[in-house]
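A.B. asks: Mind looking over this structure? Questions follow.
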Amino acid sequence: MTNERSRPNVLLVVSHPDHESATWTIARAVEQGIQADGSTTATTHDLSASGFNPAFTAADIAVHRQLGDVPADVRREQELIESADVVAVLFPVYWWSMPALTKGWIDRVFSRGWAYENTSPNGPSAIDELHYIALAGVNQDSFERRGYKDAITLQLREGIASYSEIAHSSIEILYGTETSDPQAHQDLAAQGYKLGADLAQRAQAAFDRSARPDE
């Protein structure tokens, strides 16, 4: 993360091919919440439209083994992350986890020596804040009763964020997205807007921290 900007920035990474979906309705509400008071900018990264290849290749294995350079497409994604104060990954829950595109983005972009096992004097990870917004089609009772909330939280916060020594992470789950009820859609969008406002506050705090690196 760099501090060569006049305002904090949130990178919102979204993975869904249908812009009329509940995922994108909520993503737009999150974006609006981020920008509500005008102090924080939002960069929305549409993974489906970007053409990013999520497949882990021989070149990525070479990076992991520290035997090769980071592929150009991966480095572009890393630079996008470095331009933000906070990274938020928003996705629909598929099989109690991330969609393949989202997981493949993390597999390739969160590379060894950059996201984790980073020897940079600026910290153990190039990512300071990583927050997840997961959209569950089922209701909260079904999700929690079967242990899915605990499973996805363990995977994303402990398995990715904590392992990478990312200083700040969280997961928020919005439930009941597979509904045709207009009021439910409005309620979900309102939740997304509030999450966006919270991300803006986090970004401001991170921006302030980066301006005072010795404190």
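The values are calculated or read from the model by the stated rules, or taken from the named source; none is laboratory data. Since we're looking at a predicted model, the values are computed, not measured. Here Cβ is always computed from backbone atoms with ideal geometry, including for glycine, and neighbour counts include all displayed protein chains. Ligands, DNA and RNA are excluded from the accessible area calculation, which covers all protein heavy atoms including side chains. Shrake-Rupley method; radii C 1.70, N 1.55, O 1.52, S 1.80 Å.
A.B. asks: Rank Ala184, Ala126, Ala29 by mean-square fluctuation in a GNM of the chain with C-alpha springs under 10 angstrom and give only the top-ranked residue.
C.D. replies: Comparing Ala184, Ala126, Ala29 in a Gaussian network model of the chain, the most mobile one is Ala184.
A.B. asks: Tell me, what HN-Hα J-couplings in whole Hz come from the Karplus equation 6.51 cos²θ - 1.76 cosθ + 1.60 at θ = phi - 60° for each residue of segment 163-177, using x for Gly and Pro?
C.D. replies: 4, 7, 6, 6, 5, 9, 8, 7, 9, 10, 10, 9, 10, x, 6
A.B. asks: Largest first and to the nearest Å, give the Cα extent of segment 39-81 along each principal axis.
C.D. replies: Principal extents (Cα only, largest first): 42, 22, 12 Å.
A.B. asks: Let me ask another. For the chain, take the longest principal axis of its alpha carbons; what is the angle in degrees between that and the long axis of helix 182-211, to the nearest 10 within 0 to 90?
C.D. replies: Orientation of helix 182-211: about 20 degrees from the principal axis.
A.B. asks: Please check which bits of segment 31-69 a label hung off Ala100 would reach, taking the label as a point 7 Å along Cα-to-C-beta and the cut-off as backbone N under 17 Å.
C.D. replies: Zone members listed by number: 47-58.
A.B. asks: Please check which bits of segment 37-59 a label hung off Asp73 would reach, taking the label as a point 7 Å along Cα-to-C-beta and the cut-off as backbone N under 18 Å.
C.D. replies: Flagged as within label range: 45-59.
A.B. asks: Continuing with the same structure: Out of all DSSP beta bridges with both ends in segment 1-122, state the antiparallel percent to the nearest 5. Write down the numbers at each step before the final one.
C.D. replies: Values: 1 of 13 bridges.
Of those bridges, close to 10 percent are antiparallel.
A.B. asks: Sticking to Cα atoms, compute the Rg of segment 152-215 to one decimal and its Dmax as the biggest Cα-Cα distance, whole number, in Å.
C.D. replies: Answer for segment 152-215, Rg first and Dmax second: 16.0, 51 Å.
A.B. asks: Ok, one more. Determine the gain in length on full extension of the stretch Glu165-Gln201; use 0.36 nm per residue of separation and subtract their C-alpha separation, reporting nm with one decimal. If you can, show how the numbers build up before the last one.
C.D. replies: On the way: separation 36, 0.36 × 36 = 12.96 nm, distance 2.15 nm.
Gain in length upon complete extension: 10.8 nm.
A.B. asks: Roughly what would the spin-label model give for Asp37 and Arg5, points 7 Å off Cα along C-beta, in nm?
C.D. replies: Rounded to a tenth, the inter-label distance reads 1.7 nm.
A.B. asks: Then there is this: Relative contact order for segment 35-191: what percent, with Cα pairs under 8 Å and sequence separation of 6 or more? Show your work: numbers first, answer last.
C.D. replies: Details: 186 pairs, mean separation 33.3, N = 157.
Reported as a whole number, the value is 21 percent.
A.B. asks: Simple spin-label model, 7 Å along Cα-to-Cβ: Ala55 to Asp187 in nm?
C.D. replies: It is 4.3 nm.
A.B. asks: Could you put Trp114, Trp95 in order of accessible surface area, largest first, with the 1.4 Å probe and the full protein assembly present? Could the numbers behind the result be given before it?
C.D. replies: Numbers: Trp114 25, Trp95 230 Å².
Most to least solvent-accessible, the answer reads Trp95, Trp114.
A.B. asks: To the nearest 10 degrees, how steeply does helix 22-34 sit against the main Cα axis of the chain, on a 0 to 90 scale?
C.D. replies: That works out to roughly 60 degrees.
A.B. asks: Please determine, in degrees from 0 to 90 and to the nearest 10, the orientation of helix 100-109 with respect to the longest principal axis defined by the Cα atoms of the chain, where the helix direction is its Cα long axis.
C.D. replies: Computed tilt is about 20 degrees.
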